[in-house]
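Visitor: Okay, here's the structure, questions in a sec.
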Amino acid sequence: MSNKPRVFSGIQPSGEPHLGNYVGAIRNWVDDQERYDNFFCVVDQHAITVPYDPQQLRSSVRQLAAVLIACGIDPERSVLFVQSHVPEHTELAWLLTCSTPLGWLQRMTQFKDKSTGQGESVGSGLLTYPTLMAADILLYQAAIVPVGDDQKQHVELARDIAGRFNNLYGESFVVPEPVIRQVGARVMGLDDPTRKMSKSEDGQFHAVGLLDEPKMIQKKFSRAVTDSQTDIVFDPERPGVTNLLTIYQALSGETSEVIEARFAGKGYGDLKKNLAELVIETLAPIRQRYEELTADPSTLDELLAAGVERARPIAESTMDHVRQVMGLR
Ligand code: TYM
């Protein structure tokens with residue numbers, strides 16, 4: 001058993017992983033890997049809350065697991081596994097759903113956004129999705145949940161769900177904390193800097209995929225929406241240029257002052273070109289490791305099977321306790 005604080009985080013295999021996922025989450029998981037006892041999960045059961053293609057899902061799960069390893073998640077140091085391979089996630093999700101008030105779920109902004117216009121035909125999994133996410137975290141007694149800004153509300157709900165369960169049935173769960181890095185917690189779409197960069201947005205020039213070819217990356221940045229001004233400064237009133245500068249800051253590790261000084265007197269074209277180069281340089285080794293990993297599918301299968309072996313006993317031990325206190329054993 002490790003005495004390091006436990007981390008749990010997840011990512012959906014619901015489309016190509018993008019620069020927002022990398023900057024807001026994956027790179028932080030990688031950077032802090034040594035400090036924590038880590039559990040990282042490809043959450044396939046979250047990806048079925050909206051219409052999807054089963055064939056596509058199967059290959060996206062593998063692709064995403066390979067991307068995570070290529071980004072630097074070390075399957076020795078961190079437990080990397082697929083959610084549906086540990087059936088305790090859905091069992092705990094149901095048990096938590098039974099003590100979660102409807103109002104807590106209805107006020108989730110992501111539910112409100114995603115269900116808009118669907119009336120009563122909206123899938124009920126989209127509403128109860130945060131109880132599955134709470135189950136993911138609570139099952140491993142994780143203290144820390146590193147996420148991008150858009151998941152903060154869901155992690156806070158997981159805290160409330162844990163607190164309520166502990167009150168009803170006695171101390172059972174560690175109450176988790178969301179951890180959000182300041183820089184890059186919300187990367188915006190390149191085609192529309194007022195919308196979060198997202199896997200489910202359609203536009204060809206919306207998101208930079210982590211496996212995009214260098215030419216495509218250049219093209220996407222060269223088309224990125226900015227504004228009609230010229231100076232290159234961080235300014236919340238100017239979301240396009242600020243988003244580009246933020247990505248630059250996250251990947252270079254430089255301060256905003258140093259970056260503004262670098263681009264003083266230069267034009268948007270220079271910023272876009274320099275940023276594209278930095279992104280290409282960051283993603284090149286990831287693409288290469290990804291190619292190597294996927295050339296040998298059996299290794300990936302073995303790594304994921306080993307992850308389940310390490311995750312399952314912890315999930316089982318939590319469930320033994322939960323079933324007991326709930327009177328189900
Ligand atoms: P998902 O798959 O949408 O995103 C994975 C991680 O990437 C972050 N992220 C972003 N960060 C910055 N800018 C963006 N544009 C951006 N888009 C996404 C997300 O905040 C997230 O950290 N429900 C979760 C997955 C999940 C989970 C969990 C996370 C399921 N169970 C338990 C933590 C703990 C989701 O849909 O993330």
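Visitor: Any idea how far the Cα center of the stretch 251-329 sits from the one of the stretch 57-118, in Å?
Guide: So the two Cα centres are separated by 15 Å.
Visitor: How big is the antiparallel share of DSSP beta bridges in the chain, given as a percent to the nearest 5?
Guide: On the way: 2 of 17 bridges.
Looking only at bridges with both residues in the chain, the antiparallel portion is about 10 percent.
Visitor: Then there's this: Amide H neighbours of His18 under 5 Å, counting only residues 5+ apart in sequence or on other chains, H built in-plane at 1.01 Å?
Guide: Answer set, sorted by chain and number: Leu210.
Visitor: Can I ask one more? At a Cα cut-off below 18 Å, give the aspartates and glutamates reachable from Lys273, other chains included and same-chain residues fewer than 8 away excluded.
Guide: Asp191, Asp212, Glu213, Asp227, Asp231, Glu254, Glu260, Glu281
Visitor: Treating cross-link reach as a plain straight distance, find the lysines whose alpha-carbon is under 21 Å from the alpha-carbon of Lys199, omitting any fewer than eight places away in the same chain.
Guide: By straight Cα distance, Lys199 reaches Lys112, Lys114, Lys152, Lys215, Lys219, Lys220.
Visitor: How high is the FRET efficiency between Asp270 and Asp296 when r is their beta carbon distance and R₀ equals 51 Å, given to the nearest 0.05?
Guide: 0.80
Visitor: So, one more: What residue among Gln182, Gln229, Gln110 has the largest mean-square fluctuation in a Gaussian network model of the chain, using Cα springs under 10 Å?
Guide: Comparing Gln182, Gln229, Gln110 in a Gaussian network model of the chain, the most mobile one is Gln229.
Visitor: Picking from Val258, Val145, Val174, which is most flexible by a Gaussian network model of the chain using Cα springs under 10 Å?
Guide: Evaluated over the chain, the most mobile residue of the options is Val258.
Visitor: Given a 10 angstrom Cα cut-off, can you work out which residue in Leu211, Leu68, Leu80 is the most mobile in a GNM of the chain?
Guide: Most flexible of the set in this elastic network: Leu211.
Visitor: Excluding residues on the same chain fewer than 8 positions from Lys196, give the aspartates and glutamates whose Cα lies under 14 Å from its Cα.
Guide: Result set, ordered by chain and number: Asp113, Asp149, Asp150.
Visitor: At 1.4 Å probe size, put Trp104, Trp29, Trp94 in order of accessible surface, largest to smallest.
Guide: Of Trp104, Trp29, Trp94, the descending order of accessible area is Trp94, Trp104, Trp29.
Visitor: Where does the chain land at 222 nm, in deg cm²/dmol rounded to the nearest 500, when only DSSP H runs of n ≥ 4 count, each adding -39500 (n - 2.57), divided by all residues?
Guide: Dividing the helical sum by the residues of the chain leaves -16000 deg cm²/dmol.
Visitor: With everything on Cα atoms, drop me the angle between helix 88-97 and the longest principal axis of the chain, reported from 0 to 90° to the nearest 10.
Guide: 80 degrees
Visitor: Kindly report the accessible area of the chain per residue (heavy atoms of protein chains, probe 1.4 Å, no ligands, DNA or RNA), in Å². Numbers along the way, then the final one.
Guide: On the way: 15310 Å² over 329 residues.
Ligands and nucleic acids excluded, the figure is 47 Å² per residue.
Visitor: Next up: Could you run the Karplus curve 6.51 cos²θ - 1.76 cosθ + 1.60 with θ = phi - 60° over the stretch 27-42 and give me ³J(HN,Hα) per residue in whole Hz, x for Gly and Pro?
Guide: Those phi angles translate into 5, 6, 4, 5, 4, 9, 4, 6, 6, 10, 9, 9, 10, 10, 10, 8 Hz.
Visitor: At 1.4 Å probe size, put Thr131, Thr226 in order of accessible surface, largest to smallest.
Guide: Putting Thr131, Thr226 in descending order of accessible area: Thr226, Thr131.
The values are calculated or read from the model by the stated rules, or taken from the named source; none is laboratory data. Predicted, not measured: the structure shown is a model, and the values here were computed from it. Note that each Cβ is placed from the backbone with ideal geometry, even for glycine, and that neighbours are counted across all protein chains shown. For accessibility, only protein heavy atoms count, side chains too; no ligands or nucleic acids. Shrake-Rupley method; radii C 1.70, N 1.55, O 1.52, S 1.80 Å.
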